[in-house]
Structures are given as C-alpha cells and as structure tokens.
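Trainee: This structure is in structure tokens; I'll ask about it shortly.
The values are calculated or read from the model by the stated rules, or taken from the named source; none is laboratory data. Everything numeric in this text was worked out from a predicted model, so none of it was measured. As a convention, Cβ positions derive from the backbone with ideal geometry for all residues, glycine included, and neighbour counts pool all protein chains shown.
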Amino acid sequence: MPNEYRLLIDGIERAGSKGEAGDIVNPATEEKIGEVSYASAGDLREAVDVAARGSREWAGTPPWERGGILKKAADILRTDLEAAARTITREQGKPIAEARVEVERSADFLEWGGEQARRIADRHVAGRTRGSRMEIQSHPVGIVAAFTPWNFPMALAAKKFAGALGAGCAIICKPSEETPGPVLVMARALLEAGVAPAAIAVVFGDPEQVSADLIAAREVAKITFTGSIPVGKRLAAAAGAEVKSVTMELGGHAPVIVCGGVDPEWAADMLSAAKFSNAGQICLSPSRFFVEAPIAERFTARFVERAKALRVGVGTDPTTEMGPLANRRRVAAIEKLVEDAQSRGASILAGGARIGQRGFFFAPTVITDVPDEAEILHQEPFGPVAPILPFADEAAMLERANRPDFGLASYVVTHDARRQRRLVDALQYGVVGVNGPVTHYPEAALGGWKESGIDTEGGIELLEPYQRTKLVYLQ
Ligand code: NAD
C-alpha cells in the first residue's frame, strides 16, 4: 500500500486543490513508495489565512501551557519511535539505528522548546527619572515559514517547530518533497498533544513557487531555512526585499586537523565513523582531513581499512552501517567530484564508485594527493568521500583550513593543551569538535559563520529568532 502524503492545514490532511502530486522513491530500491500532494497558490493562501488565526490563538495560550503541550508531543514521538524511525529510513535511506537517534533527538528538541517556553520572561530596566521604569516585553514574531531538508527530515524541522511553537508563533513548514513523511508524523504528534490546529501547517509543492508565495505573503513574519548555500542566498534575498528576518542554517565543509602526537589508529577509527555517518550527508560532517606528516601514513592506512570494512546496505537491515545516498542527484554529484579529483592527479585508495545498479549506494571513498584546485576542496561534498591532506607547516595548513567561505563545523584532534587552544582560537568556524565528533543537542546553540548561516538554533537562545520585543516606557 503506497503512502499518500497530503497537505496539513487547520488540522485536516487533504490533497492539493489542483490534484497535483509528486512521487516518493525509496533510495535503497529506487521503487516508488508513495505520492505527495502539491499545494496550489490558492492552497498556500488558505494556509496563510488559517495560520493568521492560529497565530493569535496559540500566542494567547499561556507559555506554561504551551510548554506542557510541547513536552507531551515529545513523549508521543518517543512512544511511537519505531514507526517514525522506519518512515525516516524508508524515505531517506539511513540505517534504522541512526533513524531512531534522529527521532529521539527530535523529541528532545520539542521538549527543550517546551521548557524554554516556560522561561519566557519580560525584563525591567530602571528609568532615568524617579519612579519610572522600562519594561522590555517578549512577543512571538507571528507566522513563521520554515523550509527543511531531506538529510535529517525530522530533526532539522523539529528545531524550527520547537523554537517557533515555544515562542508562541504559528508555523507553516515546507519539508523536502523527497522525504515528506517524518515532518507529518511530528506534526500529528503536536496536534495530538494539543497544539492549536490552525497554528501548524505542512505544505509541499514546487519549492520555488511555495517559497516565493510564502515569503511574499504579508502575514508571514519570519523565514527559517536549512539547506544549501545557493538556495539560502535566494531565500534570504527575497526575505530581505520584504524586510523579514531570517534564520539560515546552510552548508559546511569541515576541516579536521589531526596533530602528530595522537594515536593515528584511534583518530582514524573515530573520524571514519563520523565521516560515514548518514553517508556523509550532514552539514557538520568532517570533510577535509589535514593530517600531520609523521602520522599521515598510518592514519590513512587505518582510515582506508575502516572504509573498506564498512557494511553498506539497506537501512532496514540492522547490520547495515551505511545506507544509500538519499537521491540520484547526490550519486551524480559525488561521481563528478571524484572524477574531477582523479583527473587532477588524486589517488583513490578506497571506493570511488557507485555500488550496483539499483539503489543510490556509493562506496565509502578515501582519496589522497588532492591538489588545491580540485573541486572537492571547494564544494561541500555532502557524501561519503574523505580527502586526506597531509601537512607539515601549521600556519600554511590553517590558511587552507580557513580559506573557503564556509564556516560551520571544524575539528581538532590533539591532546596537547596549548596547541588545542591555539588551533581552536584560529579556526573561523561556528563549531569546533575537539577529540570527538560533533552532535547537536538542544541545550547548545549552534550556528555557522561566514556563508554557512545567519543566527543559531538551540540553547537557551532557542526561542529568540522567533520573538520580537516591545519596549514600554512607564513614567
Ligand atoms: P538544493 O540546493 O536543490 O536543495 C537544498 C534543500 O533546499 C532541499 O531540501 C530542497 O528541498 C530545498 N530547496 C530547494 N530550492 C528551494 C526553494 N526555492 N525554496 C525552499 N526550499 C528549497 O540541493 P539538493 O540536491 O537537495 O541538496 C544538495 C545540497 O544541499 C548539498 O550539497 C548540501 O550542500 C545542501 N544541503 C544542506 C543541508 C544542511 O543540513 N545544511 C541539508 C540538505 C542539503
């Protein structure tokens, strides 16, 4: 029985008014597994009108109550964790164990959003004349339009739902049309928990049309997007033209600095696991491995061993360690990057090609002798490819590490405390993982520098992008 995903507006799931729909494909089998309804311009207008009502209703729900509802939604997600995880694996491809973690993390974000809702507080500042004071009130910004991607189809949307709903906003989310199920599963949990039905909408369609219509709608106050830098720039420009605030979580190209003093086998084990998690389709994924010359050979040999030993297969098989890529575009993009590097003299030590003819499987790949001009050092790979770049001169390596316009994640591996501090200070990135992988937990704010983003998500700041202040001067 194929899945039929519809638009969710005002608590009701229904087809788009023009009857248009797109196919959903299982990336492990390339089989059509369902259809997703597309919204017409009229459907989007209806979603905005309903959200305007939902925004008033939800903003009027006391923050304490909103907090309880979000926490209840987190519990519902956790109770139905297995079914939600299977939806993620079926549509996105990742191993089921990784999908379970994603659902758990999504629940954590909703719960954190609920907890932060209960901490919303106005501030007072003493006035300059006797008896006067200034009251700085916190208000929900209004209707939020959220655009979320396919690599963590539930968790990356959960951050936005948690912040927007916690703050008291209505949210209209357009998930990736390739992975529509997980956001709908989460939205149903939120409705079951008691969120005002008019305060949540999930719509699908032609991304260009949906984003243009929602950003232009007068009632929409805030735009939040997670995805690629080129799309982020277009959406930010459109939002800027309407003077609407944006939160952008865009791509990365994380340098990893492995210093000479560490055990190369330990470092290779830890970093290869991080690299091939979600088949490398993570914005925080380590993607340029600068390894100090004395240990480069041993590090590379072990990394290659791990890459070759990785069990690649369908995500529903519990023994699978790496699933397929999420879509055909990624296979083509990775093939192109590997071919380009090879044509410029790079050596492929592991993988380098698609596995089989059915399913979007790509072999875990390790390459060396990669010249600076190779595309893979400039474009976010977003796939299972690890370029290893031995270095001898720390200053020259740092210049290369900081050179791209990306500024999301970076990694430092050394037990030398002074060197650790020096490298952490030098890296122009919003996140630095020291001696381990980076995971985004709700209690910490995370955001990119340079072109990798605007604003942060998570932390005690989670609600801030969805709030605006009103200064009341009492005399
Ligand atoms: P893409 O640039 O076409 O799309 C990226 C995301 O934006 C997708 O989720 C897509 O549905 C959405 N999108 C595209 N056009 C849009 C529009 N006009 N309005 C709203 N949303 C729109 O590329 P892709 O092939 O889907 O993904 C490849 C690249 O995207 C990767 O190389 C990676 O850089 C980036 N990406 C980043 C993240 C992240 O977590 N930061 C997630 C997914 C993809």
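Trainee: Anything in region 357-373 that is assigned to a strand (DSSP E or B) and aromatic (Phe, Trp, Tyr)? List them, or say none. Quick ask: steps written out before the conclusion?
Mentor: Within region 357-373, the first condition is being assigned to a strand (DSSP E or B), and the residues that meet it are 362, 365-368.
Across region 357-373, the qualifying residue is only Phe362.
Trainee: Let me ask you something else. Just one of Ala51, Ala15 is under 26 Å from the mean Cα position of the chain (by Cα), in the same structural domain as Gln209 (by TED's automatic domain parsing) and surrounded by 15 or more Cβ atoms within 10 Å (Cβ to Cβ); which is it? Walk me through how you get there before you give the answer.
Mentor: On the way: Ala15 fails: under 26 Å from the mean Cα position of the chain (by Cα).
Checking each option against the conditions leaves just Ala51.
Trainee: Taking Glu20, is it over 17 Å from Ala164 (Cβ atoms), out of contact with any Ser or Thr (no Cβ under 7 Å at 6 or more places or on another chain) and either touching a residue at least 40 places away in the same chain (Cβ under 8 Å) or buried (at least 19 other Cβ atoms within 10 Å of the Cβ) (or both)? Outline the logic, then answer.
Mentor: Values: over 17 Å from Ala164 (Cβ atoms): yes; out of contact with any Ser or Thr (no Cβ under 7 Å at 6 or more places or on another chain): yes; either touching a residue at least 40 places away in the same chain (Cβ under 8 Å) or buried (at least 19 other Cβ atoms within 10 Å of the Cβ) (or both): yes.
Spelling it out, Glu20 is indeed over 17 Å from Ala164 (Cβ atoms), out of contact with any Ser or Thr (no Cβ under 7 Å at 6 or more places or on another chain) and either touching a residue at least 40 places away in the same chain (Cβ under 8 Å) or buried (at least 19 other Cβ atoms within 10 Å of the Cβ) (or both).
Trainee: Looking at Leu310, Leu214, Leu271, which one is surrounded by fewer than 24 Cβ atoms within 10 Å (Cβ to Cβ) and in contact with a strand residue (DSSP E or B) (Cβ under 7 Å, 6 or more places away or on another chain)?
Mentor: Result: Leu310 is the single residue among Leu310, Leu214, Leu271 that is surrounded by fewer than 24 Cβ atoms within 10 Å (Cβ to Cβ) and in contact with a strand residue (DSSP E or B) (Cβ under 7 Å, 6 or more places away or on another chain).
Trainee: For Glu135, are the conditions met, namely being farther than 19 Å from Ile282 by Cα, assigned to a strand (DSSP E or B) and charged (D, E, K, R)? Spell out the reasoning first.
Mentor: On the way: farther than 19 Å from Ile282 by Cα: yes; assigned to a strand (DSSP E or B): yes; charged (D, E, K, R): yes.
Here the answer is yes, as Glu135 does meet what is asked.
Trainee: To continue, here is another question. Criterion first (of a type outside the set (S, T, N, Q) and in contact with a Gly (Cβ under 6 Å, 6 or more places away or on another chain)) does Met270 satisfy it? Even if it seems obvious, please write down each step before you answer.
Mentor: Details: of a type outside the set (S, T, N, Q): yes; in contact with a Gly (Cβ under 6 Å, 6 or more places away or on another chain): no.
Judged against the criteria, Met270 is not a match.
Trainee: Among residues belonging to region 187-216 that are in a loop (DSSP other than H, G, I, E, B) and away from the ligand (no atom under 14 Å from the Cβ), point out the one that is nearest to Phe161 (Cα to Cα). If you could, list the steps in order and put the result at the bottom.
Mentor: Within region 187-216, the subset in a loop (DSSP other than H, G, I, E, B) is 194-196, 203-206.
Subset that is away from the ligand (no atom under 14 Å from the Cβ): 194-196.
Working: Gly194: 14, Val195: 11, Ala196: 13 Å.
By that ranking, first place goes to Val195.
Trainee: Another question, if that's okay. Considering each residue of region 295-326, count those that are within 16 Å of the ligand (Cβ to nearest atom) and in contact with a Pro (Cβ under 6 Å, 6 or more places away or on another chain), and give that number.
Mentor: Here the count works out to 3.
Trainee: Let me ask something else about it. Anything in region 238-290 that is among the polar types (S, T, N, Q) and within 17 Å of Trp150 (Cα to Cα)? List them, or say none. It would help to see each step written out before you state the result.
Mentor: Narrowing region 238-290 to residues among the polar types (S, T, N, Q): 245, 247, 272, 277-278, 281, 285, 287.
Once the filter is applied, which keeps residues that are among the polar types (S, T, N, Q) and within 17 Å of Trp150 (Cα to Cα), region 238-290 yields Ser277, Asn278, Gln281, Ser285.
Trainee: Taking region 237-255 only, how many residues are more than 18 Å from Pro364 (Cα to Cα), away from the ligand (no atom under 11 Å from the Cβ) and touching a residue at least 40 places away in the same chain (Cβ under 8 Å)?
Mentor: 4
Trainee: Can you pull out the helices (runs of 4 or more DSSP H) entirely within region 239-356 that have at least 2 residues that are closer than 22 Å to Ile88 by Cα?
Mentor: 264-276, 328-343
Trainee: Which of the residues belonging to region 139-176 are touching a residue at least 40 places away in the same chain (Cβ under 8 Å), under 19 Å from Phe382 (Cα atoms) and not in a helix (DSSP H, G or I)?
Mentor: Passing the criteria: Phe147, Thr148, Pro149, Trp150, Asn151, Phe152, Pro153, Met154.
Trainee: Spot the failing condition for Gln342; the list is (1) more than 22 Å from Met397 (Cβ to Cβ); (2) surrounded by fewer than 15 Cβ atoms within 10 Å (Cβ to Cβ); (3) of a type in the set (S, T, N, Q), and only one is missed.
Mentor: Against the list (1) more than 22 Å from Met397 (Cβ to Cβ); (2) surrounded by fewer than 15 Cβ atoms within 10 Å (Cβ to Cβ); (3) of a type in the set (S, T, N, Q), Gln342 comes up short only on (2).
Trainee: Then there is this: Please state which of the following conditions Asn26 fails to meet, knowing it meets all the rest: (1) buried (at least 21 other Cβ atoms within 10 Å of the Cβ); (2) under 26 Å from Cys169 (Cα atoms).
Mentor: (2)
Trainee: Moving on to the next point. For a quick check of your reading of the model, give me the residue pairs whose first member lies in region 204-220 and is closer than 13 Å to Ile172 by Cα, whose second is among the charged types (D, E, K, R) and within 9 Å of the ligand (Cβ to nearest atom), with beta-carbon atoms closer than 6 Å and at least 6 apart or on different chains.
Mentor: Phe204/Glu177; Val210/Lys174
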